[in-house]
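**Q** First the structure, then my questions, so here it is.
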Amino acid sequence: MMPTFVDSSVHESIVQQTKPPSNEARDRLIVALDVDSQEEALHLIDDLSGLVSFYKIGYQLFLAEGMRFVDTLIERSIRVFLDLKMDDVEETITNGVREITRHHVHLLTIHGNGATARAAQAGRGNATIPKILSVTLLSSLDAQDLRDLGLLGKGKKFDSLDSYVLWRAEAALASGCDGLIASGSTIAQVREKFGSKPLIVSPGIRPGGTAKDDHKRSTTPGEAMKAGADYLVVGRPIRNAPNRRQMAEQIIGEMEQAMPAHA
């Protein structure tokens, strides 16, 4: 079947959302739709209606529902972060991003080198979105994982996790990426080195008292905002909460308390 695309009036409203994050904490919270179906995703969105307007779609939901569900959200004026961590040969990246651009996704992740970043920009062309974000290091990895990969340690290229992340970040930004995925202590390191221009989106966010799950470099909402994050991505703490709306309000409250120093 032919793909569907959002109409021009919806596109205009999305373009207006390409400004830097506002000072409203709720506008900076991205909730991960890590569920199996459209029905589950819409139920989660309904639970947070009027409170959250930005959602992440990763492999799990994307493989189940595809771009048609992305269009469903965008038609509702919901901002979409498509987290596919794209990494392939340049032609594939360019063609893939060109298709994604037609659907007016707001943020998109890549996980390749400079050639990947340049290919993604070629696919986006003159469009203002999606903003291209490069993953510096998955939040499920730590210094020991880098040692296991032979990247960190005596006689290796990098002497710390931070030095590896900053190297990745510098290469991505030099290749034209709009921003970075950074977590844990690296948020502050990236912001200090590269200033206010790049977008920083931070996963692995865990409010105090909640499980870290598989995030080895988690941080609290307040800590991430103080460190310089623009957007926070939260999944399981909200999705699995007995009262999802209450948990989202708690997280937004922690963000608000931390924002005056960053705003």
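The values are calculated or read from the model by the stated rules, or taken from the named source; none is laboratory data. What you see is a predicted model; the values in this text were computed from it and never measured. In this analysis, Cβ positions are derived from the backbone assuming ideal geometry, glycine residues included, and neighbour counts consider all displayed protein chains.
**Q** Kindly indicate which of GLN60, GLN144 is modelled with pLDDT under 95 and out of contact with any strand residue (DSSP E or B) (no Cβ under 7 Å at 6 or more places or on another chain).
**A** GLN144
**Q** Can I ask one more? Identify all residues within the range 236-251 that are surrounded by fewer than 21 Cβ atoms within 10 Å (Cβ to Cβ) and either without any contact (Cβ under 8 Å) to a residue 40 or more places away in the chain or in contact with an Asp or Glu (Cβ under 8 Å, 6 or more places away or on another chain) (or both); write none if there are none.
**A** ARG236, ARG239, ASN240, ALA241, PRO242, ASN243, ARG244, ARG245, GLN246
**Q** What about ARG79, is it at pLDDT 95 or above and exposed (fewer than 14 other Cβ atoms within 10 Å of the Cβ)?
**A** Judged against the criteria, ARG79 is not a match.
**Q** Which count do you get for residues in the range 144-178 that are of a type outside the set (D, E, K, R), farther than 22 Å from ALA188 by Cβ and in a helix (DSSP H, G or I)?
**A** Of the residues in the range 144-178, 0 are of a type outside the set (D, E, K, R), farther than 22 Å from ALA188 by Cβ and in a helix (DSSP H, G or I).
**Q** I'm checking my understanding of the structure. Among residues of the range 193-222 that are modelled with pLDDT of 95 or more and out of contact with any helix residue (DSSP H, G or I) (no Cβ under 7 Å at 6 or more places or on another chain), which one is surrounded by the most Cβ atoms within 10 Å (Cβ to Cβ)?
**A** VAL201
**Q** Could you say which residue among ILE187, ILE251 is closer than 22 Å to ARG79 by Cβ and modelled with pLDDT under 95?
**A** ILE187
**Q** What number of residues within the range 151-182 are surrounded by 15 or more Cβ atoms within 10 Å (Cβ to Cβ), over 29 Å from THR128 (Cα atoms) and in contact with a Ser or Thr (Cβ under 9 Å, 6 or more places away or on another chain)?
**A** Residues meeting the conditions: 4.
**Q** Scan the range 170-184 residue by residue and report those that are among the small types (Gly, Ala, Ser) and modelled with pLDDT under 95.
**A** ALA171, ALA172, ALA174, SER175, GLY176, ALA182, SER183, GLY184
**Q** Now for a separate question. Can you go through ILE100, ILE45, ILE74 and tell me which one is in a helix (DSSP H, G or I) and either touching a residue at least 60 places away in the same chain (Cβ under 8 Å) or under 14 Å from the mean Cα position of the chain (by Cα) (or both)? Steps first, answer last, please.
**A** On the way: ILE100 fails: either touching a residue at least 60 places away in the same chain (Cβ under 8 Å) or under 14 Å from the mean Cα position of the chain (by Cα) (or both); ILE45 fails: either touching a residue at least 60 places away in the same chain (Cβ under 8 Å) or under 14 Å from the mean Cα position of the chain (by Cα) (or both).
Of the residues listed, the single one that is in a helix (DSSP H, G or I) and either touching a residue at least 60 places away in the same chain (Cβ under 8 Å) or under 14 Å from the mean Cα position of the chain (by Cα) (or both) is ILE74.
**Q** Next up: Residues to consider are ALA120, ALA127; find the one that is assigned to a helix (DSSP H, G or I), touching a helix residue (DSSP H, G or I) at 6+ places or on another chain (Cβ under 6 Å) and not polar (S, T, N, Q).
**A** The unique qualifying residue is ALA120.
**Q** Out of (1) buried (at least 22 other Cβ atoms within 10 Å of the Cβ); (2) within 30 Å of ASP46 (Cβ to Cβ); (3) touching a residue at least 40 places away in the same chain (Cβ under 8 Å), the odd one out for LYS131 is which?
**A** For LYS131, the exception is condition (1).
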